[in-house]
Structures are given as C-alpha cells and as structure tokens.
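Participant: Structure below; questions to follow.
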Amino acid sequence: MVTIDINCDMGESFGNWKMGRDDEVMPYITSANIAGGYHAGDPHVMNDTVALAVEQNVGIGIHPGLPDKMGFGRRTMDASPDEIQDYVIYQLGALQAFAEQHGTTVQHVKPHGAMYSMLSESDDHARAVMEGILDVNEDLIYLATDMNIYEVAQEYDELRSVFEGYVDLTYRPDRSLIVEQQMEPKDPDRIAQRFLDIALDGEVEAENGEMIDVPAQSICIHGDGPNAVELLETIHEQVNEHDIQLVSLTEIA
C-alpha cells in the first residue's frame, strides 16, 4: 500500500482579516502548517488552529515566515543565516507552547514564502535553519519544498526530511513552480489525477506536457484556493478507489 501525506498552510488569519477556509479544509488533510505570527497569524488564531487540528487528528507543524505581515512574507529581506535561524526558532517556540497546552506535539517545520526562497537559494541559510531545528528538537521533520533544500537536508543524518509536491500549481520542466498571484479555480478531476500521478508514479505533468520526476511523499493543497474543498473531496474519492493510505508525516519520515 502507498502512503502519502496531504499538508495545507493554515492559521493565516489575524485580527479581523480572514485567510483560507481552515474549518472546511482541516478534515481532509493529515498535516497542518500553522503560521507563526510573522507573515500571518496571531496568538488567538494559532491557539484555535492547534485546537482544530487536535480535534481532527491532524499533525501540526510550524510555517515560519519573515517578519512582514504587510507583504504576507513574500518580500525578500536582507537577513543573515543566524537571523533566519532565530526567526524560525522564535515561531517554533510559540507553536510548541500552544501544542503543549492542547496535549500534542509539533511534528514538522515548513518555511513560508520568501524565507523558503532564501533557503533554496542559499545553502548557508538552509543549514542555519536545519541546525537550529535540531538544536530545539531532533524529532522534528523538515518538509522540503524543493529539491535544492531537500538535498541540503540529506547532509544531516539526524534530521528527518520529507520532499513535498504540488498538484494545484504548475511545474516548469526544471521542477520549479509557477506561483499564481491569485489562486484560480482548478478542475477537480485534473487535480486528482495529478495527485495520483505523484502518489503512485512519482511524476507529474509540467507546463510543456513533459512528465517530470517529483518523488514526493507529501502533497500540498492551498487551502485559500476558491474551490479547495472540492479539490480535496475529489482527491479523497480517488484515494478510496486506489491502494493509497493518507498518513501524517510522522508515519512517513
């Protein structure tokens, strides 16, 4: 039987500003990447999101971003490896406190937006974050958004890492992603087929029609997409028809 994780970025509302459809999406996923309050989220939203994940038996991870709520953590900052490490540890510590309050533990780390891009482009920044994670808790799993980061993670024997794939974004032939400025509705059947292609065959169709290798053990769905729930429902229908089991990252890494 094939096992795979479905992860989603969650807890990105703050104050009176609402982002995503966490209540509707949470029942369909196995791992939640919860914003740490820098690019999005706030203490109340973090608390509520952890409680919702526990209620739905979903594994939780920190989704740390740069301290830039105005830009939703998508603007590049001039930050040293040590500074990025501190940003991650700070947000991880906040989520760990809420996790303990709700009787659970943090299972993974998945950097957000421009922080992820910095780690992908600079091995020094990536290593700083990974070493910081290990200093806090060697049981944490690093959810690697691209192959560059995943290969750096392989340098650390003690660090568990999982490679992540996407089905509601389009890949270029070099396995880089085409990120939409605003998520558009997607064809549920096409997205479900892309999920099966990755889960069963470790490949997916790129923008030019070429099938490219994406050996992912976790697949991300964007919960803020206009028809995210419909996509997840259709994926679950296909999972039930194939020999696929949805599990959290701790059962994969």
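Participant: Determine the relative contact order of the chain: mean sequence separation of Cα pairs under 8 Å and six or more apart, normalised by residue count, in whole percent.
Facilitator: In percent, rounded to a whole number, it is 23.
Participant: Another question, if that's okay. Given H placed on each backbone N at 1.01 Å, which residues far from ILE6 in sequence or on other chains put an amide H within less than 5 Å of it?
Facilitator: THR30, SER31, ILE219, VAL247
Participant: Report the net charge of residues surrounding ASP48, where surrounding means a beta-carbon distance below 13 angstrom and charges are Lys +1, Arg +1, Asp -1, Glu -1.
Facilitator: -4
Participant: Next up: Rank the residues LYS186, LYS18 as a footprinting-exposure proxy: fewest other Cβ atoms within 10 Å of their Cβ go first.
Facilitator: By the 10 Å Cβ count, ascending, the order reads LYS18, LYS186.
Participant: Diagonalise the Cα gyration tensor of region 142-250 and give the resulting equivalent ellipsoid semi-axes, square root of 5 times each eigenvalue, largest first, whole Å.
Facilitator: In descending order, the three semi-axes are 23, 17, 14 Å.
Participant: Then there's this: Just going by the charge dipole of region 2-251, with Lys and Arg at +1 and Asp and Glu at -1 on Cβ, which of ASN33, GLN101, MET147 is farthest out on the positive end?
Facilitator: Looking along the dipole axis, the top candidate is GLN101.
Participant: When all alpha-carbon pairs of region 77-190 are counted, what percent fall beyond 21 Å?
Facilitator: Of all Cα-Cα distances in region 77-190, 43 percent exceed 21 Å.
Participant: Which of the helices in the chain meet the span-like rule: DSSP H, Cα axial reach of 24 Å or more, Kyte-Doolittle mean at least -0.5?
Facilitator: Correct list, ordered by number: 81-101.
Participant: Could I ask something else about it? Please state the charge dipole magnitude for region 2-251, taken about the Cα centre, from unit charges on C-beta atoms (+1 on K and R, -1 on D and E), reported in debye and rounded to the nearest 20.
Facilitator: 620 debye
Participant: Running a GNM on the chain with Cα contacts under 10 Å, which residue among VAL239, VAL162, VAL45 ends up with the highest mean-square fluctuation?
Facilitator: In this elastic network of the chain, the residue with the biggest mean-square fluctuation among VAL239, VAL162, VAL45 is VAL239.
Participant: Suppose R0 equals 30 Å. What FRET efficiency, 1/(1 + (r/R0)^6) with r the Cβ-Cβ distance, do TRP17 and ASP213 give to the nearest 0.05?
Facilitator: About 0.20, to the nearest 0.05.
Participant: May I ask for the Rg/Rh ratio of region 2-251, computed from Cα atoms with Rh as the Kirkwood radius, given to two decimals?
Facilitator: Over the Cα atoms of region 2-251, Rg/Rh equals 0.93.
Participant: For Cα pairs less than 8 Å apart in space and 6+ apart in sequence, what is the mean separation divided by the residue count of region 1-142, i.e. the relative contact order in percent?
Facilitator: About 22 percent, as a whole number.
Only the coordinates and a few stated rules stand behind these numbers; no lab work does. Here the structure is a predicted model, which means the values were calculated and not measured. Neighbour counts are summed over all protein chains in view; Cβ atoms, including those assigned to glycine, are modelled from backbone coordinates with ideal geometry.
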